[in-house]
Amino acid sequence: MTIHQISVFLENRAGQLAEITGVLAKKGIDLRAINIAETSDYGVLRLIADKPQEAAATLLEQGFILSMTPVVAVSVPDEPGGLARVLDVLAKENIDVEYMYSVFGQVDGLAHMVFRVADTEKLIAVLKANGVEPISGENLGIR
Amino acid sequence: MERYYQPEIECASREQILAWQNERLVKQVQHVWDNVPYYRKKMEEKGLTPADIKGVEDLHKLPFLSKDDLREAYPYGLLGMPLKDCVRIQSTSGTTGRRVVAFYTQHDIDLWEDCCARAIVAAGGTNEDVCHVSYGYGLFTGGPGLNGGSHKVGCLTLPMSSGNTDRQLQFMVDLGSTILCCTPSYAAYLAESIHERGLRDQIKLKAGIFGAEAWSEEMRRDIEAKLGIKAYDIYGLTETSGPGVSFECSEQTGMHINEDHFIAEIIDPDTGEVLPEGSKGELVFTSITKEAFPLLRYRTRDICILTREKCSCGRTFVKMSKPMGRSDDMLIVKGVNVFPSQIETVLLEQGYPANYQIIVDRVNNSDTLEVMVEMTPENFSDSLAKITNMEKSLVAALKAMLGIYAKVRLVAPKTITRSEGKAVRVIDKRKI
């Protein structure tokens, strides 16, 4: 139930993001989610693409440094407290969230969140045991 | 009115200086032959015995000694005296590979301090002065050398060492420091701090003795104007004793080499041929009075010019220009010797490719060192914390190797400029 996140090394210079999104656009790759963590000198761009393998191959060809990271996507009710309830469960089960971010758009009153944890299997089991169903890649438009 | 620490030596006739040099060189060659097997072997390889060296005119026959020799002979291979007669070591900054350890007998220290005392008196120092020594103390020669010279002159000596600007300024104001000894970049930094804090009227400085790194005439004028002092250059290297090998007089047109202790030559760095006076080339020193660590024809790698033109100060010692560059790839950053190979070693140890660029600059009169390193797939992670931790350990390893802080900048692959397929390893943006 994990999905592939592509993590790309970013130098802090103007135009780098435009370059990355540009080459992906040329290949007709759609981005489902995007997140950036940065220091003053460099950063890590994390993205979920509809065609992860193709997106990774395209970026590698362009000389970018990247890695594929397994992450878990979860639907949460798009209402106050929706996310808090899920995080509460993870806290009780001692699951440390390294980072998380949201997926673009809302479907049927649900928002989608992407979680990065050390042990994805445990996360999935804990979510299921607490009645939260992780969502598959297909449901996010990932082929 | 020019003053001298040892006028009978500093203003001796050229004939007298040459006579001292002849006598001491012959004695030194014999001393080295008798006591330093490493150098004796080098002489034998050239078919030389001490009898071949009858005076300064025969100096060119002797083999050169390079930093590689010093490294090969590390630690005791060039020691000229039994350990029981040695009382001190000083060392260059490199922590591996390029480290040089120099030894001193009490007599060596005594002569070294005389040299520093000459520099202090040339800068106007007397026993009425308060001499504020902000060179680093410890293995670095700057602090111990000027400290000893200051004692000899009879100045009240403030062994401040470097760093802790607040304390530096407080002592300077409270104790009325009159002579400041430190690196030029630290002098510029202190001048800036004094200016910012409006302390200019509360300081009593009249002179500064600044060395251990290259500085421009422009920087000199800037420091002089900001502190209201006269700034004097001083030169030296650990291998030959430390600061005080040469020093500036009131004329500020070059540094007088203490020729009663050192014979200077200028050579073509490629052929090793001795060049005539006034030529630009590599400076070579022979120490003719050192007991514990006698170096014959030591190649400094500093490029400069010697002149024997009469100096208005009255000193008769030959003058050397400020070093105009290096004949190897050594950088001097914040007074510390940095070799690109040291940085390369750290990068490889830490799992980075040997693809890097060193950028040296001078910001607000202080040297900065930046190492650009290309990110690799192996080192990359989706976790920013992992990358920053790696960066931190690289910074710490560089600090341990170089002794100074180097900023690390992680860049994308193929960012580092290559010319004709060969990467440009060092970019020195300092205008010196």
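Taking segment B:119-146, which residues are polar (S, T, N, Q) and over 12 Å from residue B:179 (Cα atoms)?
The one that is polar (S, T, N, Q) and over 12 Å from residue B:179 (Cα atoms): B:141.
Anything in segment B:105-145 that is part of a loop (DSSP other than H, G, I, E, B) and out of contact with any Cys (no Cβ under 7 Å at 6 or more places or on another chain)? List them, or say none.
Correct list: B:123, B:124, B:126, B:128, B:136, B:137, B:138, B:139, B:140, B:141.
Here's a check for you: in segment B:1-48, which residue that is polar (S, T, N, Q) and not in a helix (DSSP H, G or I) is nearest to residue B:248 (Cα to Cα)?
B:6
Evaluate the following for residue B:19: is it in the same structural domain as residue B:265 (by TED's automatic domain parsing), among the hydrophobic types (A, V, I, L, M, F, W, C) and free of Cβ contacts under 8 Å to residues at least 12 places away in the same chain?
So residue B:19 fits the description; yes.
As an exercise: evaluate residue B:431 against (1) part of a loop (DSSP other than H, G, I, E, B); (2) more than 14 Å from chain A (Cβ to nearest Cβ); (3) surrounded by 20 or more Cβ atoms within 10 Å (Cβ to Cβ) and give the number of the one condition it does not meet.
Only one criterion is unmet by residue B:431, namely (3).
Which pairs have Cβ atoms under 6 Å, sit 6 or more apart or on different chains, and link a residue in segment B:95-115 that is within 21 Å of residue B:71 (Cβ to Cβ) to one that is in a strand (DSSP E or B) and modelled with pLDDT of 95 or more?
B:101/B:89; B:102/B:90; B:103/B:86; B:103/B:89; B:104/B:88
How many residues are surrounded by 15 or more Cβ atoms within 10 Å (Cβ to Cβ) and either part of a strand (DSSP E or B) or basic (Lys, Arg) (or both) when one looks only at segment B:395-415?
Selection size over segment B:395-415: 4.
Sort out which residues of segment B:242-261 are within 15 Å of the chain's Cα centre (by Cα) and open to solvent by 10 Å² or more (accessible area, probe 1.4 Å), and write them in order of number.
Listed by number, the list holds a single entry, B:243.
Which members of segment B:204-223 meet the condition of being open to solvent by 20 Å² or more (accessible area, probe 1.4 Å) and either at pLDDT 95 or above or part of a strand (DSSP E or B) (or both)?
B:204, B:206
The conditions are (1) in contact with a Ser or Thr (Cβ under 7 Å, 6 or more places away or on another chain); (2) of a type in the set (A, V, I, L, M, F, W, C); (3) away from chain A (no Cβ under 14 Å), and residue B:380 fails exactly one of them. Which is it?
(3)
Please determine whether any residue of segment B:385-393 is modelled with pLDDT of 90 or more, more than 14 Å from chain A (Cβ to nearest Cβ) and at negative phi.
Checked against the condition, which is being modelled with pLDDT of 90 or more, more than 14 Å from chain A (Cβ to nearest Cβ) and at negative phi, segment B:385-393 yields at least one hit.
Can you tell me how many residues in segment A:1-19 are more than 11 Å from chain B (Cβ to nearest Cβ) and open to solvent by less than 20 Å² (accessible area, probe 1.4 Å)?
Within segment A:1-19, residues that are more than 11 Å from chain B (Cβ to nearest Cβ) and open to solvent by less than 20 Å² (accessible area, probe 1.4 Å) number 1.
From B:319, B:399, B:414, grab the single residue that is in contact with a Gly (Cβ under 8 Å, 6 or more places away or on another chain) and not assigned by TED's automatic domain parsing to the domain that holds residue B:190.
Exactly one of B:319, B:399, B:414 is in contact with a Gly (Cβ under 8 Å, 6 or more places away or on another chain) and not assigned by TED's automatic domain parsing to the domain that holds residue B:190, namely B:414.
From the list B:36, B:101, which residue is β-branched (Val, Ile, Thr) and either surrounded by fewer than 19 Cβ atoms within 10 Å (Cβ to Cβ) or under 27 Å from residue B:342 (Cβ atoms) (or both)?
Result of the check over B:36, B:101: B:101.
Kindly evaluate residue B:279 against the criterion of being polar (S, T, N, Q) and open to solvent by 10 Å² or more (accessible area, probe 1.4 Å).
Yes, satisfied.
Sort out for me the strands (runs of 3 or more DSSP E) sitting completely within segment B:294-394 that have 2 or more residues that are touching a residue at least 60 places away in the same chain (Cβ under 8 Å) and open to solvent by less than 20 Å² (accessible area, probe 1.4 Å).
Counting at least 2 such residues, we get B:298-307, B:331-333, B:356-363.
Restricting to segment B:152-185, what's the tally of residues that are under 21 Å from the mean Cα position of the chain (by Cα), closer than 22 Å to residue B:128 by Cβ and surrounded by fewer than 22 Cβ atoms within 10 Å (Cβ to Cβ)?
Of the residues in segment B:152-185, 1 are under 21 Å from the mean Cα position of the chain (by Cα), closer than 22 Å to residue B:128 by Cβ and surrounded by fewer than 22 Cβ atoms within 10 Å (Cβ to Cβ).
I'm checking my understanding of the structure. Among residues of segment A:20-40 that are within 23 Å of residue B:376 (Cβ to Cβ) and surrounded by 13 or more Cβ atoms within 10 Å (Cβ to Cβ), which one is nearest to the other protein chains (Cβ to nearest Cβ)?
A:37
Out of segment B:105-151, which residues are buried (at least 24 other Cβ atoms within 10 Å of the Cβ) and aromatic (Phe, Trp, Tyr)?
Result: B:112, B:135.
Looking only at segment B:186-203, how many residues end up being in a helix (DSSP H, G or I) and open to solvent by 10 Å² or more (accessible area, probe 1.4 Å)?
Going through segment B:186-203 one residue at a time, the tally reaches 8.
Would segment B:74-83 turn up any residue that is within 18 Å of residue B:263 (Cβ to Cβ) and assigned to a helix (DSSP H, G or I)?
So far as segment B:74-83 goes, no, none of its residues is within 18 Å of residue B:263 (Cβ to Cβ) and assigned to a helix (DSSP H, G or I).
Just need a number here: residues in segment A:31-69 that are polar (S, T, N, Q) and within 19 Å of residue B:411 (Cβ to Cβ).
4
When you scan segment B:251-293, how many residues do you find that are in a strand (DSSP E or B) and in contact with a helix residue (DSSP H, G or I) (Cβ under 8 Å, 6 or more places away or on another chain)?
The number of residues fulfilling the criteria is 8.
The values are calculated or read from the model by the stated rules, or taken from the named source; none is laboratory data. A quick note: this is a predicted structure, and the numbers were derived from the prediction, not measured. Glycine also receives a Cβ, built like all others from the backbone with ideal geometry; neighbour counts cover every protein chain displayed. All accessible areas refer to the heavy atoms of the entire protein, side chains included, with ligands and DNA or RNA removed. Shrake-Rupley method; radii C 1.70, N 1.55, O 1.52, S 1.80 Å.
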